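Here, each number is a calculation from the coordinates, and none is a lab measurement. Keep in mind that this is a model prediction, so the values were computed, not measured. Virtual Cβ from ideal backbone geometry, glycine too; neighbours counted across all protein chains shown.
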Amino acid sequence: MRDKTAECLVIGGGLVGMLSAYELAQAGMRVMLLERGRTGQESSWAGGGILSPLYPWRYPNAVNQLAAWGQARYRALAETLHEQSGIDPEWQQSGLLMLDVAEQNEAVAWAQHEGVALKLLTNEAISHCEPALQIAVERALWMPSVAQIRNPRLLTALRNTLERQGVTFREQSEVLALQQQGGRVTAVESSTGVYDAGQVVIATGAWSRGLLDGTPLSIDIEPVRGQMLLYKAKPGLLNTIVMADGHYAIPRRDGHILVGSTLEHAGFDKSITAAAATTLREIAERLVPALAGMKVVRHWAGLRPGSFEGVPYIGEHPAISGLYVNTGHFRNGVVLGLASARLLGDLMLGRESVFDPSLYAVER
Ligand SMILES: Cc1cc2nc3c(=O)[nH]c(=O)nc-3n(C[C@H](O)[C@H](O)[C@H](O)COP(=O)(O)OP(=O)(O)OC[C@H]3O[C@@H](n4cnc5c(N)ncnc54)[C@H](O)[C@@H]3O)c2cc1C
């Protein structure tokens, strides 16, 4: 079978692929999305949905610029998707409380420079606003403007909206190879047939290196496993996202609390482990003692697309025109996804961009 219906093929139905399809479809392109399994089941589903890099001052500008652009627009996106699909992605500004941050001065200076609200909270203030946290710390950092989104719902709402906008989906369709002619991409070969298109976007997350094998471009992406536990408490037990020593607890509106996460280099192995369950349980109970003795209702793992310093690769292949990459968002694909789709669209459609594309270039 040879399918010629699309102008642009997006490979990968995670959040990055679907936001890319959204951006391109909004600009009037005929887009088809090819997904090896079902859309929205991998890293994008497994993530926590915190709409901020964790300890943002530790990241390069390239990451924070995309984050800031997305943060300013996520609420509106959630509202639009809710309206169009009837599914509420539950955007909420729950704030981010960071306990025991060693580099407070650096954090304060970063926040002042970026114009981001950041306050130092005393122990007393913490127990006043979050009585569930019975933790004694010298001082904590509070970023009240940080929001979260319920990523599984975001993915379903987005998928539904894309279908309404005319994006075609091919699930259970694994892309196996790219076809090119005279230095231009012309089609992809998949487990369900050959699809022709003059523009192709690789948005295959942790698996992004594979499709570039055999082309003169090697990007530095590796899978980094993250495990997460889910508790079900009474709504309101915890209201803000709390972090300590790199781990976090994220309260959802309905009382679910996600506790994560691990950072493991285990190849493409997505298994969950008893050791991670024990560590995460200890963290959960140290942060929120009321979780002690509560049942863990779910435990899962996802594979982040790890990249150097978390800077994604966004741009055209240097030797194959029409072939684009949007991948490598590591720990921040949810918060960065919106802006990276915008930059991808700018590059594909020849628009001026507010971002400096050289920071994300694929051959860097
Ligand atoms: C535990 C955990 C917590 C996280 N927390 C946060 C957070 O709080 N905030 C945040 O911003 N980010 C967070 N992240 C990171 C974020 O989830 C990722 O950066 C983001 O989801 C990456 O999206 P993606 O679309 O590139 O990848 P994925 O969601 O993995 O999607 C890639 C898709 O490509 C498909 N695919 C692969 N190969 C092929 C092929 N050959 N043909 C067709 N399809 C293919 C896969 O099946 C998959 O569906 C977290 C991640 C984890 C694991």
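Near Lys232, which aspartates and glutamates are there with a Cα under 20 Å away, not counting those fewer than 8 places off in the same chain?
Within reach: Asp88, Glu90, Glu130, Asp254, Glu282, Glu285.
Counting DSSP beta bridges in the chain, what percent are antiparallel, to the nearest 5?
70
Determine the sum of side-chain charges near Gly345: Lys and Arg each +1, Asp and Glu each -1, restricted to other residues whose C-beta is under 12 angstrom from that of Gly345.
-1
Hey, what did the chain get for relative contact order, percent, Cα under 8 Å, at least 6 apart?
24
Report the Stokes-Einstein translational diffusion coefficient (µm² s⁻¹, integer) for segment 8-52, Rh taken as the Kirkwood radius over Cα pairs, at 10 °C with viscosity 1.306 mPa s.
143
From the alpha carbon gyration tensor of segment 284-327, can you work out the equivalent ellipsoid semi-axes (sqrt of 5 times each eigenvalue) and give them in Å, largest to smallest?
Rounded to whole Å, the semi-axes are 43, 12, 6.
Of the DSSP beta bridges with both residues in segment 189-344, give the percent that are antiparallel, rounding to the nearest 5.
90
Give me a comma-separated list of calculated 3J(HN,Hα) values for segment 113-130, in order, Karplus coefficients 6.51, -1.76, 1.60 applied at θ = phi - 60°, integers in Hz, x for any Gly or Pro.
Coupling constants for segment 113-130: 5, 8, x, 9, 5, 8, 10, 8, 10, 7, 3, 4, 5, 5, 5, 5, 8, 10 Hz.
Kindly provide the helix-only [θ] at 222 nm of the chain, computed as the sum of -39,500 (n - 2.57) over DSSP H runs of four or more divided by all residues, to the nearest 500 deg cm²/dmol?
Result for the chain: -9000 deg cm²/dmol, rounded to the nearest 500.
Rounded, prolate or oblate: which fits segment 227-322 when a ≥ b ≥ c are the square roots of the eigenvalues of the alpha-carbon gyration tensor, with rounded for a/c under 1.5 and prolate only if a/b beats b/c?
Note, shape of segment 227-322 comes out prolate.
Once you have a ≥ b ≥ c as the square roots of the Cα gyration tensor eigenvalues for segment 175-215, tell me rounded if a/c is under 1.5, and otherwise prolate or oblate according to whether a/b is larger than b/c.
Oblate.
Can you compute 3J(HN,Hα) from phi for each residue in segment 9-17, using the Karplus curve 6.51 cos²θ - 1.76 cosθ + 1.60 with θ = phi - 60°, rounded to whole Hz and x for Gly and Pro?
10, 9, 9, x, x, x, 5, 5, x
Need one number: convex hull volume per residue for segment 281-364, Cα atoms only, in Å³.
About 140 Å³ per residue, rounded to a whole number.
Please work out whether segment 1-114 counts as rounded, prolate or oblate from its C-alpha gyration tensor, where a ≥ b ≥ c are the square roots of the eigenvalues and a/c under 1.5 means rounded, while otherwise a/b larger than b/c means prolate and anything else oblate?
Prolate, because a/c is 1.5 or more and a/b exceeds b/c.
Calculate the FRET efficiency for Arg75 and Asn123 from the Cβ-Cβ distance with a Förster distance of 25 Å, rounded to the nearest 0.05.
Plugging the Cβ-Cβ distance into 1/(1 + (r/R0)^6) gives 0.20.
Tell me, Kirkwood radius of segment 111-189 from alpha-carbon pair distances, in Å?
18.3
Taking 0.36 nm per residue of separation and subtracting the Cα-Cα distance, what length does fully extending Glu189 through Ser358 add?
57.8 nm
Let me check against my output: what whole-number percent is the relative contact order of segment 23-157, with C-alpha pairs under 8 Å and at least 6 apart?
The normalised contact order for segment 23-157 reaches 36 percent.
Along segment 333-339, what does the Karplus equation 6.51 cos²θ - 1.76 cosθ + 1.60 (θ = phi - 60°) give for ³J(HN,Hα), rounded to whole Hz, x for Gly and Pro?
x, 6, 5, 8, x, 5, 6
Can you check how the C-alpha radius of gyration of segment 157-290 compares to 2.2 N^0.38 Å, as a plain ratio?
1.47
So, R0 is 35 Å and r is the distance between the beta-carbons of Arg38 and His113; what FRET efficiency does that work out to, to 0.05?
0.25
Could you grab the relative contact order for segment 5-100? Cα pairs under 8 Å, six or more apart, rounded to a whole percent.
So the answer I get is 19 percent.
Assuming R0 = 25 Å, what is the FRET efficiency of Trp300 and Leu176, from their Cβ-Cβ distance, to the nearest 0.05?
Working from the Cβ atoms, E equals 0.35.
In vacuum, with every alpha carbon of the chain counted as one equal point scatterer, what does the Debye formula give for log10 I(q)/I(0) at q = 0.07, 0.14, 0.15 Å⁻¹? Two decimals, please.
For the chain at q = 0.07, 0.14, 0.15 Å⁻¹, log10 I(q)/I(0) is -0.30, -1.15, -1.30.
Which order do the peptides 64-70, 142-148, 23-29 come out in when sorted by mean C-beta neighbours inside 10 angstrom, highest first?
The most tightly packed comes first, giving 64-70, 142-148, 23-29.
I need the peptides 324-331, 338-345 ranked by packing, meaning the mean over residues of other C-beta atoms within 10 angstrom, with the highest value on top.
Packing proxy ranking, top to bottom: 324-331, 338-345.
Where the centre of each part is set by its Cα atoms, how far does segment 172-241 sit from segment 304-319, in angstrom?
Here the answer is 12 Å between Cα centres.
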